[in-house]
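Reading through the structure tokens given below for one structure.
Nothing in this text is a laboratory measurement; each read-out follows from the coordinates by a stated rule. Just so we're clear, the structure is a prediction, and the values are computed from it rather than from any experiment. Positions of Cβ are generated from backbone atoms using ideal geometry, with glycine treated the same way; all protein chains shown enter the neighbour counts.
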Amino acid sequence: MSTVFITGIGRGIGKVLAQKFLEQGHEVYGTSTSGTTDLENKSLHCFKLDLGSAESIRSCIEEIKETGVTFELLINNAGILLDEEETSLISDLLRQTLEVNLIGTSDFTERMVPLMERGGHIVMLSSSAGSIERTGNVASRFPSQYPAYKISKAALNMYMRTLALRLREREITVSSVHPGWARTDMGGEDASFSPEEAAETVYKLATSRPETGQFWNSEGKLPW
């Protein structure tokens, strides 16, 4: 069984995903902003991480290094949505969103890359909201809402693409995945999918060997 690292296991999709990997016999390392989780398992290890703080990222990585563990899977699940009800771009909310969803996530990932095993898989939880082609089209849900969040996920997809190119020689697959609009604290009660269904989409992609540098959902590739 593999050794998996998942950010944001304190709640929502991350929590369900951690439970799924544990049930399948994997060793799971994860993070929450408090450094704790109410999941209980001898194969679970939780670290404190605030992706909005460079110091927190450095401290977390040092604690991870002290374990001497290397990882087959890294799933960047943690993220924020601050402008859900907004249709105009608010600069302060954009800065805060990018700090976590892009800068913090990429900083943490770069520091984790040396701890990844050859042939491993790095997964970014993105969103179809970050698809430039889909944004604003007739089928798009909430076409003009949460612009900061959409920008952050589009940027995260580009980071994923550039990282995939860099890590080809180490045969590390890098992917983005849209788990579906899930009924979590972020997604709300009206969302289409349960956290379990969303986590299953992520799990299936993470444990497979897809084409590197691509953007996926449960049905296949998503457009950029």
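Would you mind getting me the FRET efficiency between Glu169 and Thr70? Use the beta-carbon distance for r and R0 = 22 Å, nearest 0.05.
Efficiency, rounded to the nearest 0.05: 0.80.
Mind ranking 42-49, 119-126, 2-9 by how tightly packed they are, going by the mean number of other C-beta atoms within 10 angstrom, highest first?
Numbers: 42-49: 16.8, 119-126: 22.8, 2-9: 24.2.
Ranking, from highest mean packing down: 2-9, 119-126, 42-49.
Between beta-carbons, use under 15 Å as the cut-off and find the net charge around Gln19, counting Lys and Arg +1, Asp and Glu -1.
Spelling it out: positives minus negatives among the neighbours equals -3.
Using only the Cα atoms of segment 59-170, build the gyration tensor, take square roots of its eigenvalues as a ≥ b ≥ c, and label the shape rounded, prolate or oblate: rounded if a/c is under 1.5, else prolate if a/b is larger than b/c, else oblate. Intermediate results must be reported in sequence, preceding the final value.
Working: a/c = 3.03, a/b = 1.83, b/c = 1.66.
Because a/c hits 1.5 or more and a/b exceeds b/c, segment 59-170 counts as prolate.
For the chain, what does the helix formula give at 222 nm: sum of -39500 (n - 2.57) over DSSP H segments with n ≥ 4, over the residue count, nearest 500 deg cm²/dmol?
Calculated at 222 nm, the ellipticity per residue is -10500 deg cm²/dmol.
Using the beta-carbon distance between Glu211 and Ser43 and R0 = 35 Å, what value does 1/(1 + (r/R0)^6) give for FRET efficiency, to the nearest 0.05?
With R0 = 35 Å, the Cβ-Cβ based efficiency is 0.70.
Quick check on the chain: take the gyration tensor over C-alpha atoms, sort the square-rooted eigenvalues as a ≥ b ≥ c, and tell me if it's rounded (a/c under 1.5), prolate or oblate.
Details: a/c = 1.43, a/b = 1.37, b/c = 1.04.
Verdict is rounded for the chain.
Aspartates and glutamates near Lys150 by alpha-carbon distance under 17 Å, same-chain residues fewer than 8 away left out - which ones?
Asp83, Glu84, Glu85, Glu86, Asp92, Glu99, Glu133
Going Cα to Cα from Lys48, which lysines come in below 18 Å? Please leave out same-chain ones fewer than 8 positions away.
The qualifying lysines are Lys15, Lys65.
Within segment 50-130, which GluC sites (Glu not before Pro) sit in a loop by DSSP and count at most 16 neighbouring Cβ atoms inside 10 Å?
Details: sites: Glu55, Glu62, Glu63, Glu66, Glu72, Glu84, Glu85, Glu86, Glu99, Glu110, Glu117; in loops: Glu84, Glu85, Glu86.
Taking segment 50-130 and a limit of 16 other Cβ atoms within 10 Å, the loop GluC sites (Glu not before Pro) found are Glu84, Glu85, Glu86.
Only counting other Cβ atoms within 10 Å, I'd like Met116, Met158 sorted with the fewest neighbours first.
Lowest to highest Cβ neighbour count: Met158, Met116.
Under 12 Å from the Cα of Lys221, which aspartates and glutamates turn up, not counting those fewer than eight places away in the same chain?
Glu211
In the neighborhood of Leu51, defined by Cβ-to-Cβ distances under 9 Å, what is the net charge if each Lys or Arg adds +1 and each Asp or Glu adds -1? Write down the numbers at each step before the final one.
Details: positive: none; negative: Asp50, Glu99, Asp107.
Residues near Leu51 contribute -3 overall.
What do you get for the angle between helix 195-206 and the principal long axis of the chain? Use alpha-carbon atoms, 0 to 90 degrees, nearest ten.
The two axes meet at around 60 degrees.
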